[in-house]
Amino acid sequence: MRWKRYIIHADLNHCYAQIEEMLDPRLRTIPMAVGGDETKRHGIILAKNDKARAFGVRTGESLREALRKCPKLYIVKACYDKYLYYTSAVKSIYRNYSDRVESFGLDEAWIDISDSFRLFGDPLALAKRIQDEVFVKLGLTVSMGVSFNKIFAKLGSDMDKEKGFVIISPTNYKEMIYRRPIGDLLYVGEATKRKLNLAGIFTIGDLAALEPFDIEKRFGKNGVMLWRFARGYDESEVERQDHKRDVKSLSNGITAVRDLETFDDVKMILSVLAQSLASRLRDIKKEGKVVTLMIRDSDLNWSSRQMKLPFSTDIETDILKAALKLAEKSMPYDHFNHFKKRYRSLTLKIADLKERSAYSEYDLFGLTAAKEKERSLEMAIDEIHRRFGFDKCQRLLTKMDKELTDFNPKGEHVIHPESWF
Amino acid sequence: MYLYKRYIPVISLVDESGAMIPLYIIWQDQSGQRKVHKIDKILNKRKAFSKVGGCGELYECMILRKKRKLYFERDRWFIECISILQE
């Protein structure tokens, strides 16, 4: 029987670690992890191999913590340029077989091969062929899930992590997945899982057995979406390769080289972050309205606060003003501008983006002309940065502590996980 | 005897269609002397990974009547070579 659609989800097994192992096979024999830079304090584990996993090293924990668990752990410094090159090489192999290849982060992709059978024959054999080709040409293993929708394909690729090949067909999907815990389903995180468990839903089958009407009453719209996922009703298309997701928010963050103690430190860092955000907003010709400040203190607790501006903006000063207001509210300090706690990292985010319109909607008593002037000044600074380097034109404020502000969030390559929505 | 990976300078020709053909390899021996060896024949060319690490365009070559695997990895060349010394 032919299925309605054939969708592969391909996942490069512990991506960064595997690329490093491919480049140097000796790393396969020792516990190894790819991590950030400990001296700059971005020291977390980004990926690890199976030998390191056996010691209980987990992705996301700090290097120090990992080294305590496994003192012999060999840490490779992350090199994004390399990972980008090899992951795109993997994707270009996928693209030989279908025009519908949708990336989900660097290492994962959905491939729709429903229509490729006319050229390449049996879809299941084709999936296997793609998997083998990636191995022969690049020496990298991908685990694949083949199914009739994106959700089940993703589930399948997660079932077997070692060059797995799992087929979930319209006839066997009930036996394959209904007994699996609800947490395996895409978009069921810790919080959702707890909520569903409280309602007595522990497996995917439990969720699928419910009535959608009851779910909507209890869990709202997203509950129904999850129920559709569990039933295999998901109809979402694998996007074509030239499809670009609409940007919904921009953010920049930094873990400072030292703990932040005074309000001046925060001011300095925020001004660099705001500058980068404003410049990125102008690059994509959008303006944002909601500014969020996320703070992490030295005990590694996150907290965040957000505010809505009365107007949409892509100007650095506006964003910085809002950010400082947020910082004042959320970071208690004494008379000498010293914080009561020490802070480790700051992230600034701007959301509620929309296209920049030809006319501006500044508030009635705002000075439109002055804003426009400010904007063109900032664009000139952008141009200086582009032509002569980032350090050539900066706020005097940032010169108070050169070490602290010595980073360029716009220029440095930062990769964030992608979201479904 | 074991295989190891060594990055080497290569003299190559880029033809009018954009295809790259390695012509000579430059090999530095233990005494530090550099010697140029002609690549007599390219047996085949394909994308592959190497047992000694890395992947790229593989050129299987005949050099001094011996079959050797020469790889073009991103932007440089390496060769799989045989050493009798144990590590």
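The values are calculated or read from the model by the stated rules, or taken from the named source; none is laboratory data. Bear in mind the structure is a predicted one, so any value in this text is a computation, not a measurement. Glycine gets a Cβ as well: all are built from the backbone with ideal geometry, and neighbour counts include every protein chain shown. The accessibility values were calculated without ligands, DNA or RNA, using every heavy atom of the protein model including side chains. Shrake-Rupley method; radii C 1.70, N 1.55, O 1.52, S 1.80 Å.
Consider A:Lys161 against the criteria (1) open to solvent by 10 Å² or more (accessible area, probe 1.4 Å); (2) out of contact with any Asp or Glu (no Cβ under 7 Å at 6 or more places or on another chain); (3) in a helix (DSSP H, G or I); (4) away from every other protein chain (no Cβ under 14 Å): it satisfies all of them except one. Which criterion is unmet?
So A:Lys161 meets the others, but not (3).
Could you say which residue among A:Gly121, A:Gly189, A:Gly145 is small (Gly, Ala, Ser) and either farther than 20 Å from A:Trp3 by Cβ or open to solvent by 60 Å² or more (accessible area, probe 1.4 Å) (or both)? Please lay out each step first, then the result.
Values: A:Gly121 fails: either farther than 20 Å from A:Trp3 by Cβ or open to solvent by 60 Å² or more (accessible area, probe 1.4 Å) (or both); A:Gly145 fails: either farther than 20 Å from A:Trp3 by Cβ or open to solvent by 60 Å² or more (accessible area, probe 1.4 Å) (or both).
Selected residue: A:Gly189, the only one of A:Gly121, A:Gly189, A:Gly145 that is small (Gly, Ala, Ser) and either farther than 20 Å from A:Trp3 by Cβ or open to solvent by 60 Å² or more (accessible area, probe 1.4 Å) (or both).
Please identify the pairs in which a residue from region A:58-72 that is on the phi > 0 side of the Ramachandran plot has its Cβ atom under 9 Å from the Cβ atom of a residue that is crowded, with 17+ Cβ neighbours inside 10 Å, counting only partners at least 6 apart or on another chain.
Listed by first residue and then by second, the contacts come to A:Gly60/A:Ile44; A:Gly60/A:Ile45; A:Gly60/A:Leu46.
Tally up the residues in region A:85-103 that are touching a residue at least 60 places away in the same chain (Cβ under 8 Å) and surrounded by fewer than 19 Cβ atoms within 10 Å (Cβ to Cβ), please.
Final tally of qualifying residues: 3.
Take A:Gly232 and decide whether it is open to solvent by less than 30 Å² (accessible area, probe 1.4 Å), at pLDDT 85 or above and of a type outside the set (A, V, I, L, M).
Values: open to solvent by less than 30 Å² (accessible area, probe 1.4 Å): yes; at pLDDT 85 or above: yes; of a type outside the set (A, V, I, L, M): yes.
Against the criterion (open to solvent by less than 30 Å² (accessible area, probe 1.4 Å), at pLDDT 85 or above and of a type outside the set (A, V, I, L, M)), A:Gly232 qualifies.
For region A:290-339, enumerate the residues that are surrounded by fewer than 17 Cβ atoms within 10 Å (Cβ to Cβ) and part of a strand (DSSP E or B). If you could, list the steps in order and put the result at the bottom.
Taking region A:290-339 as the starting set, the residues that turn out to be surrounded by fewer than 17 Cβ atoms within 10 Å (Cβ to Cβ) are A:290, A:298-308, A:310-311, A:321, A:325, A:328-330, A:332-338.
Within region A:290-339, A:Val290, A:Trp302, A:Ser303, A:Ser304, A:Arg305, A:Gln306, A:Met307, A:Lys308, A:Pro310, A:Phe311, A:Tyr333, A:His338 meet the criteria.
I want to confirm something. Restricting to region A:23-58 and keeping residues that are buried (at least 17 other Cβ atoms within 10 Å of the Cβ) and among the β-branched types (Val, Ile, Thr), which single residue is farthest from the other protein chains (Cβ to nearest Cβ)?
Only one residue tops the list, namely A:Ile44.
What do you reckon, is A:Leu377 part of a strand (DSSP E or B), modelled with pLDDT of 85 or more and under 20 Å from A:Ala274 (Cα atoms)?
Working: part of a strand (DSSP E or B): no; modelled with pLDDT of 85 or more: yes; under 20 Å from A:Ala274 (Cα atoms): yes.
Here the answer is no, as A:Leu377 does not meet what is asked.
Quick test for you: out of A:Leu140, A:Leu198, A:Leu106, A:Leu155, pick the one residue that is more than 30 Å from B:Ser50 (Cα to Cα) and buried (at least 16 other Cβ atoms within 10 Å of the Cβ).
Values: A:Leu140 fails: more than 30 Å from B:Ser50 (Cα to Cα); A:Leu198 fails: buried (at least 16 other Cβ atoms within 10 Å of the Cβ); A:Leu106 fails: more than 30 Å from B:Ser50 (Cα to Cα).
Result: A:Leu155 is the single residue among A:Leu140, A:Leu198, A:Leu106, A:Leu155 that is more than 30 Å from B:Ser50 (Cα to Cα) and buried (at least 16 other Cβ atoms within 10 Å of the Cβ).
Out of the residues in region B:27-73 that are among the aromatic types (Phe, Trp, Tyr) and more than 10 Å from chain A (Cβ to nearest Cβ), which is surrounded by the fewest Cβ atoms within 10 Å (Cβ to Cβ)?
So the first thing to find is which residues in region B:27-73 are among the aromatic types (Phe, Trp, Tyr), and the list is B:27, B:49, B:59, B:71-72.
Subset that is more than 10 Å from chain A (Cβ to nearest Cβ): B:27, B:59, B:71-72.
Working: B:Trp27: 16, B:Tyr59: 23, B:Tyr71: 24, B:Phe72: 18.
Among residues in region B:27-73 that are among the aromatic types (Phe, Trp, Tyr) and more than 10 Å from chain A (Cβ to nearest Cβ), the one surrounded by the fewest Cβ atoms within 10 Å (Cβ to Cβ) is B:Trp27.
From the list A:Arg280, A:Arg231, which residue is of a type in the set (D, E, K, R) and touching a strand residue (DSSP E or B) at 6+ places or on another chain (Cβ under 7 Å)? Even if it seems obvious, please write down each step before you answer.
Working: A:Arg231 fails: touching a strand residue (DSSP E or B) at 6+ places or on another chain (Cβ under 7 Å).
Within the list A:Arg280, A:Arg231, the selection yields A:Arg280.
Looking at A:Ile75 and the list (1) at pLDDT 90 or above; (2) buried (at least 17 other Cβ atoms within 10 Å of the Cβ); (3) of a type in the set (Val, Ile, Thr), which single condition is not satisfied?
(1)
Take the residues in region B:15-26 that are under 30 Å from A:Val90 (Cβ atoms) and either within 14 Å of chain A (Cβ to nearest Cβ) or in a loop (DSSP other than H, G, I, E, B) (or both), then tell me which one is most open to solvent (accessible area, probe 1.4 Å). Give the steps one after another, and end with the answer.
Initially, region B:15-26 is screened for residues under 30 Å from A:Val90 (Cβ atoms), giving B:15, B:17-22, B:25.
After this cut, where a residue has to be either within 14 Å of chain A (Cβ to nearest Cβ) or in a loop (DSSP other than H, G, I, E, B) (or both) as well, the list is B:15, B:17-19.
Details: B:Asp15: 47, B:Ser17: 96, B:Gly18: 53, B:Ala19: 37 Å².
Per the criteria, the residue is B:Ser17.
Could you please find all residues in region A:266-289 being open to solvent by 10 Å² or more (accessible area, probe 1.4 Å) and farther than 24 Å from A:Leu353 by Cα?
Passing the criteria: only A:Lys267.
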